[in-house]
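What follows draws every value from the coordinates through simple rules; no lab data is involved. What you see is a predicted model, and the numbers here were worked out from it, not measured in a lab. All Cβ positions, even for glycine, are placed from backbone atoms using ideal geometry, and neighbour counts span all protein chains on display.
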Amino acid sequence: MINTGTQQSTSDQSKPGPVTVNPLSPRQRWLAALDCRPADHIPFWPKLDAAYPLAQDEPFRSMALPALHDWIGSDRVQSLGNALRVEFETGFGRQQRVEDDARRKIAVYQTPAGNLESQWEWDGLSCSWHPMKFPVKNLDDILRLRDWYASQRWEIDQRALTEITNQINQGGEATAYAANLEQSALTYWVEWLAGIENAQYLLADYPQQVSELFEAIHHQLKARFRLTLDHQPADFIWLTEDTSTTMISVTQYQTLNAGHIDEYARMCRNAGARLVLHMCGKIKRLLPDLAKMPTRGFEAFTAPPLGDTTLLDGRLACPDKCLIGGTHAMLWLEPADAIISQLRRWLDQLPHHRGIVLTSAGVMPPRCKPQTIREVCEWLKTYPARM
């Protein structure tokens, strides 16, 4: 069951008085920020991925990411994935294989009307898979994939749930825990099912059929939410939305996406749980819509010039949301004193510092050395936050 904790609104924008908070663990600090409660200092999470240590000198090159976070002193998050498994109706299924010495991954969506195929290639520098072939190319593919999603039946994977529970027990208070349920229909369509360009053509040509596909995806994602809310012991649910108005329009978000997200957020709120949206693109024009949703926070909140939304923009538009991010990748290529000066300017602008988690927004650039990150982390612990 999702850890509900204590939630509190920050709709009161009056100047905060002096607050004394006892030292918190990284997990407690995260929960305080997600609930917009006072913390002992602003949490800091440099987003280090698998590629980061490979670009560093020893001893950091050989460090596991948790050890590297501990050396920096950061407040980290551990993604637990999910403890779910899917069954298909007769004639439907999914097969996946890796070829070319683990450099190519192929997924086959099996349907009675014909199969669809996705392909990804491995990029060693970023340690990530990149889509090379999308499963949807035409109307027939839309209809097949709609039926494929409608054939799914989700249930708890007890073995995976036990593993997740053990992870939390072993990790203790050193990290916050997120149950990742991947992505809602519109962004998944654009990024992984049709591709940015073809997604727009197909939306224009076959709006009804694409809408039916979205509803099938929405239905199965709601089932996954219900199971996760009932069973998984995480601190919050994380949707990797990747939302950006460079990929979709504001109108498309309002008509095709916001309703789905709002429904998930209400499910979480009714269960006393937290929903956080990973929104790593340009979202400033979406802030009025995002403010209405009962989500707890927005992650990868990216400042200009890479993004278009400052922490002050977010706080004024969404006074009761946790803002996770606040910087951009180019800033982290500067010396530590320049990074600190800019962070001080941004933080000084805010009416208060409840509901803020400072991060690298996107993943930390490998050219930013651990020593630089640690220096910034140590400074942030001394910054006179107004809670």
* Asked: Length gain on complete extension for the stretch Q349 to E99, per 0.36 nm per residue less the alpha carbon to alpha carbon distance?
  -> 84.8 nm
* Structure fact -> Across Y201, Y52, Y253, the residue with the highest GNM fluctuation in the chain (Cα network, 10 Å cutoff) is Y201
* To do: Place +1 on the Cβ of every Lys and Arg and -1 on the Cβ of every Asp and Glu in the chain, take the dipole about the Cα centre, and give the residue among V250, M267, C318 whose Cα lies farthest towards its positive end.
  => C318
* For the chain, modelled as a GNM with alpha-carbon contacts under 10 angstrom, which of P53, P38, P207 fluctuates the most? -> P207
* Asked: Roughly how big is region 90-150's charge dipole about its Cα centre, with Cβ charges of +1 (Lys, Arg) and -1 (Asp, Glu), in debye to the nearest 20?
  -> 140
* **Alpha carbon convex hull of the chain, projected area averaged over orientations, nm²** => 18.9
* Asked: Of the peptides 270-276, 243-249, 321-327, how do they stack up when ordered by the mean number of other Cβ atoms within 10 Å, highest first?
  -> 321-327, 270-276, 243-249
* To do: Please give the helix 258-270 orientation as an angle from the longest Cα principal axis of the chain, in degrees from 0 to 90, rounded to the nearest 10.
  => 60
* Determine the relative contact order of the chain: mean sequence separation of Cα pairs under 8 Å and six or more apart, normalised by residue count, in whole percent. => 23
* Once the Cβ-Cβ distance between H219 and D140 is put in as r, and R0 is 22 Å, what FRET efficiency do you end up with, to the nearest 0.05? -> 0.55
* Net charge, T310 excluded, C-beta distance under 11 Å - Lys, Arg +1, Asp, Glu -1 -> +1
* Computed P(r) (all Cα pairs; region 171-240; 10 Å bins; percent) -> 18, 39, 25, 14, 4, 0
* To do: Take peptides 337-348, 86-97, 220-231 and line them up by average Cβ neighbours within 10 Å, highest first, as a rough protection proxy.
  => 220-231, 337-348, 86-97
* Give, rounded to the nearest 20 debye, the magnitude of the charge dipole that the chain has about its Cα centre when Lys and Arg contribute +1 at Cβ and Asp and Glu contribute -1 at Cβ. => 860
